[in-house]
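*Asks:* One structure, pasted below without further comment.
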Amino acid sequence: MFAKEDILKGTTLGISHVAHNLFPDGWIRTPLAGFYNHSITPNCELIVGTLDNVTQYGKFLTAIRLLKTITDIKGGDELTCTYTLWKKEDMTQLTSISKETWLGL
């Protein structure tokens, strides 16, 4: 995904993931998350947020991840982020590749 115009550092671009316990990793990926690419030198990051939800059963919070710029981005530049949602200490979940390969160590 590429920026159509300049985007300032600190701009929240939208919701990339919504927490849901019925999914194997606990997150539903939104279309936004399907179009940015991975980089070890990203210009965006995922930050945790919450949404207030009101249903017939009452009000509750839903955890979300937001895609936010961490640098100024020029129009035409690709939007990139580090793909992993796991913390380094949680990387033992990964069995098909080594932690060092996944983390680029």
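*Asks:* Which of (1) of a type in the set (A, V, I, L, M); (2) more than 25 Å from residue 77 (Cβ to Cβ); (3) modelled with pLDDT of 90 or more does residue 15 not meet, given it meets every other one?
*Replies:* Tallying (1) of a type in the set (A, V, I, L, M); (2) more than 25 Å from residue 77 (Cβ to Cβ); (3) modelled with pLDDT of 90 or more, residue 15 fails exactly one: (2).
*Asks:* How many residues, within the range 1-54, are among the hydroxyl-bearing types (Ser, Thr, Tyr), in a loop (DSSP other than H, G, I, E, B) and loosely packed, with under 12 Cβ neighbours inside 10 Å?
*Replies:* Qualifying residue count, the range 1-54: 1.
*Asks:* So, one more: Restricting attention to the range 56-69, does a residue exist that is aliphatic (A, V, I, L, M), exposed (fewer than 14 other Cβ atoms within 10 Å of the Cβ) and modelled with pLDDT under 90?
*Replies:* Scanning the range 56-69 turns up at least one residue that is aliphatic (A, V, I, L, M), exposed (fewer than 14 other Cβ atoms within 10 Å of the Cβ) and modelled with pLDDT under 90.
*Asks:* List every residue pair whose Cβ atoms lie under 6 Å apart, where the two residues are 6 or more positions apart in sequence or sit on different chains, the first residue falls within the range 39-55 and is under 21 Å from residue 74 (Cα atoms) and basic (Lys, Arg), and the second residue, located anywhere, is exposed (fewer than 11 other Cβ atoms within 10 Å of the Cβ) and modelled with pLDDT under 85.
*Replies:* none
The values are calculated or read from the model by the stated rules, or taken from the named source; none is laboratory data. Not measured: the values here are computed from a predicted model. Ideal geometry is used to build each Cβ from the backbone, glycine not excepted, and the neighbour counts take in all protein chains shown.
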